[in-house]
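Peer 1: This structure is in C-alpha cells; I'll ask about it shortly.
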Amino acid sequence: MRITVQLSEGALHRYSKDLSVSEVKDQKIPLLLRYKADRTGSWLLELNRNGKTSRPKIGDWPLVSAAGARKQLEGLLLAVAQNETAKLTAFFNIAELSQWYVEREQRNASISKKYKTTSLSLVTKHILPRLGAFSVGKLDKGLVDEHLVQSMMEEGYKPSTIRQVYAQLKRILQQGADSAVIQSTALAGVPFKNFHKSKIKPKAGALRPYQLRDVIDQIKQAERQPRLFTLCLLCFGTRKTETSLIEYTWFDTSENPRLILPTRVTKTDDELVIPCSEFVMREVALFRKEQGGNCRYLFANARGESVGESTTDSWVKSVSGGKWSAHDLRKLATDCWIEAGVDYLVVQRLLNHALRGVDQAYMHSHLESRKREALEQWHNKIERLINSDTIPTRNNFEKWL
C-alpha cells in the first residue's frame, strides 16, 4: 500500500512499523520511499516524462534522512535534466562529512591515540573553518585552491603543512565515497602538486654529525629516565612514539640480542628488528634493576603504563634545552651512519623504510648481519663518547690562536 504525506523522519519511522505500507510518497515533490524487507528503505525519484513514469533509485534510508533528501532535490532534478546520474549523499556539506569521518575514526581501536589527535586537529583547525560550509557535491579543485591552499599560504603556513591538510581532506572524501555516503570525489587522482608546483624540501635537522659530542654531553648530564630515552632515540634511530612504547618482552636477550618492534607500534606497519650491542643491553639492564624489575614498559609512568607524548616531549626538552627535538636525534643518527659509510639500503632498513624488488632480495641475503655490524660500530662510538672526560668542542676557536 502507498501512503501520500508530507515526508518527514517521523512519518517514515511510523510507517516503517506498519507492514501493510510498502511506499511513502511526498504529496508535493517527486520523492518516494520504498520499504525493504528489513523496513529500511530506498529513495526513488518518481518522474513522468513523455507519458512514461520512471522511478530511479537515488539513495538509501535511513542513511539519508527525509530532510537531507529534500535539501538535495533541486540538484537531483538538475542532474536528471542534464542526463546525468542522480544520487543522494548522506552528508550535505563538508562539515557533516568531516564530523562523520572523525567520529568513525575515533571509534576505531586499531588507530593510535596520537594519530586520532592529529587527524582531529587537521579537521577542526583547518578543514572546517575553510571548507565546512561548502556542499560536498560542489567541492572541486577551484574551491579547494582558493579557500584552502591559497588561504593557508596567505596566512603563512608552510607548504608541507598545507599538503598534510589536503591529504586529510582527500582521505575524508575517499572514505565517504568508499562507504557510499557520498558520490565519487572530484579530488580523486588530484595530487597536491597541482596546487603547489615547487618541490617541498624536507625540514633540515637541527643537529649535524660534528655536534654528536655536544649531544652526548647533554645526555650524560640528564636525569635517569630522560637520559635513557634520548640515548635510545640516538642509538636506535627510532621514532619518539615507537620508543616510548618499548616493552621488556620485546628484547631478545639471546647470544645476539635484538629489540623487535611489532607492527602495531611502527609507523610503517612493518616489524622492525634492531640489533642491540652489549652497551645498550647493559644500559637497559641497569635501568630495569633500578625500576624494580616488575614493569612491563621500559618507559613507564607511576601507574605502570607507557608514558605519554607530553612526558617524552618534556624529557627531550629537559635534555636539549629546547634546541633540538626527538626527530632531530633520528636525523642525527641517520647522518652519522651515512658519514660512517653505512650502505644506503642498510640505512633504509634501520629507519624501517620499505624496500622493493631487487632491494628485497638484497635484504634477505645480506641485511641482518650488515645492520648488526653498523649498529655495533655506532653504539661503540656513543659508548666511547659517554665514557670520555673530554670537554665538548662547542664552537671552539681557541685552538686557532
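Each value in this text was obtained by applying a stated rule to the coordinates, not by laboratory testing. Note that the structure is predicted; figures quoted are calculated from it, not measured. Glycine gets a Cβ as well: all are built from the backbone with ideal geometry, and neighbour counts include every protein chain shown.
Peer 1: 5 Å is the cut-off here: which amide hydrogens, built 1.01 Å from N in the peptide plane, fall below it relative to L259, excluding neighbours closer than 5 in sequence?
Peer 2: HN-HN under 5 Å from L259: D252, I274, C276.
Peer 1: Given a Förster radius of 35 Å and the C-beta distance between Q27 and Q174 as r, what FRET efficiency does 1/(1 + (r/R0)^6) yield to the nearest 0.05?
Peer 2: On the way: r = 38 Å, r/R0 = 1.09.
Result of the calculation: an efficiency of 0.35.
Peer 1: How long is the gain from S369 to S54 if the chain were fully straight, where each residue apart is worth 0.36 nm and the alpha carbon distance is subtracted? Don't skip to the answer; put the middle values down first.
Peer 2: Working: separation 315, 0.36 × 315 = 113.40 nm, distance 7.00 nm.
Length difference between fully extended and current span is 106.4 nm.
Peer 1: Mind giving me the nanometre distance, one decimal, between the label points for T311 and R2, set 7 Å out from Cα along Cα→Cβ?
Peer 2: So the label points at T311 and R2 sit 6.6 nm apart.
Peer 1: List, in order, the whole-Hz ³J(HN,Hα) value for each residue of region 110-118 obtained from phi through the Karplus relation with A = 6.51, B = -1.76, C = 1.60 and θ = phi - 60°; use x for Gly and Pro.
Peer 2: Karplus values, whole Hz, x for Gly and Pro: 7, 8, 5, 4, 5, 5, 4, 5, 5.
Peer 1: Here's something else I'd like to know. Among S244, S325, what is the fewest-to-most ranking by other Cβ atoms within 10 Å? Spell out each step's value before the answer.
Peer 2: Numbers: S244 25, S325 18.
Ascending Cβ contact count within 10 Å gives the list S325, S244.
Peer 1: Also: Place a +1 charge on the Cβ of each Lys and Arg in region 209-394 and a -1 charge on the Cβ of each Asp and Glu, then give the dipole magnitude about the Cα centre in debye, rounded to the nearest 20.
Peer 2: Details: 26 positive and 26 negative charges, 71 e Å.
Rounded to the nearest 20 debye, it is 340 debye.
Peer 1: So, one more: Which pairs in the list K28/K87; K116/K331; K317/K371; K71/K170 are over 27 Å apart, alpha-carbon to alpha-carbon?
Peer 2: Values: K28/K87 20 Å; K116/K331 25 Å; K317/K371 30 Å; K71/K170 24 Å.
Check vs 27 Å cut-off fails for K317/K371.
Peer 1: Under 5 Å between amide H atoms, partner at least 5 residues away or on a different chain: which partners does I58 have, H built in plane at 1.01 Å?
Peer 2: Excluding prolines and chain starts, which carry no amide H, the hits are W43, L44, L45.
Peer 1: At q = 0.24, 0.25, 0.26 Å⁻¹, what is the log10 ratio I(q)/I(0) for region 1-52, with the Debye formula run over Cα points and no solvent?
Peer 2: The Cα Debye sum returns log10 ratios of -0.87, -0.93, -0.99.
Peer 1: Same structure, new question: Over the alpha-carbon set of region 94-194, work out the extent along each principal axis and list the three values in angstrom, largest first.
Peer 2: If we take the Cα atoms of region 94-194, the spans are 37, 29, 23 Å.
Peer 1: Whole-Hz Karplus ³J(HN,Hα) for region 144-154, in order, using 6.51 cos²θ - 1.76 cosθ + 1.60 and θ = phi - 60°, x for Gly and Pro?
Peer 2: 5, 4, 6, 9, 10, 5, 5, 4, 5, 5, 5
Peer 1: Further question on the same structure: Modelled label-to-label distance, D252 and S318, 7 Å Cα→beta-carbon offset: nm?
Peer 2: 3.4
Peer 1: With no solvent and one point on each alpha carbon, what is the Debye value of log10 I(q)/I(0) for the chain at q = 0.09, 0.12 Å⁻¹?
Peer 2: Ignoring solvent entirely, the Cα scatterers give -0.74, -1.02.
Peer 1: Let me ask something else. Which one, S318, V342, C295, is farthest towards the positive end of the dipole of region 209-394 when Lys and Arg carry +1 and Asp and Glu -1 on their Cβ?
Peer 2: The listed residue farthest towards the positive side: S318.
Peer 1: Which value, in debye to the nearest 20, gives the size of the charge dipole of region 94-194 about its Cα centre, when Lys and Arg are +1 and Asp and Glu are -1 at the Cβ? Working shown, then result.
Peer 2: Working: 14 positive and 9 negative charges, 87 e Å.
Value, rounded to 20: 420 debye.
Peer 1: Still on this model: Work out how much length M281 to T263 would gain on full extension: take 0.36 nm times their residue separation and subtract the Cα-Cα distance, in nm to one decimal.
Peer 2: Stretched fully, the M281-T263 segment lengthens by 4.3 nm.
Peer 1: Spin-label point model (7 Å from Cα, Cβ direction): what's the E74 to M153 distance in nm?
Peer 2: Here the modelled spin labels are 3.2 nm apart.
Peer 1: May I pose another question? Per DSSP helix of 4 or more residues, -39500 (n - 2.57); summed, then divided by the residues of the chain. What does that give at 222 nm, rounded to the nearest 500? Mind showing how you got there, number by number?
Peer 2: Working: 18 runs with 178 residues, N = 401.
For the chain, the value works out to -13000 deg cm²/dmol.
Peer 1: Which value, in debye to the nearest 20, gives the size of the charge dipole of the chain about its Cα centre, when Lys and Arg are +1 and Asp and Glu are -1 at the Cβ? Could the numbers behind the result be given before it?
Peer 2: Working: 61 positive and 45 negative charges, 205 e Å.
Around 980 debye, computed over the chain.
Peer 1: Residue separation times 0.36 nm, minus the C-alpha to C-alpha distance between K203 and T124: what's the value? Walk me through the numbers before you get to the answer.
Peer 2: On the way: separation 79, 0.36 × 79 = 28.44 nm, distance 2.48 nm.
Roughly 26.0 nm would be gained on extension.
Peer 1: Mind sorting W324, W250 by how few other Cβ atoms lie within 10 Å of their own Cβ, fewest first?
Peer 2: Numbers: W324 21, W250 15.
Sorted ascending by nearby Cβ count, the order is W250, W324.
Peer 1: Using C-alpha positions alone, give me the convex hull volume of region 206-343 per residue in cubic angstrom. Mind dumping the intermediate values first?
Peer 2: Working: hull volume 16.4 nm³, N = 138.
In region 206-343, the Cα convex hull volume per residue is 119 Å³.
Peer 1: Can you list the aspartates and glutamates whose alpha carbon is less than 16 Å from that of K267, not counting same-chain residues fewer than 8 positions off?
Peer 2: Reachable aspartates and glutamates: E242, E309.
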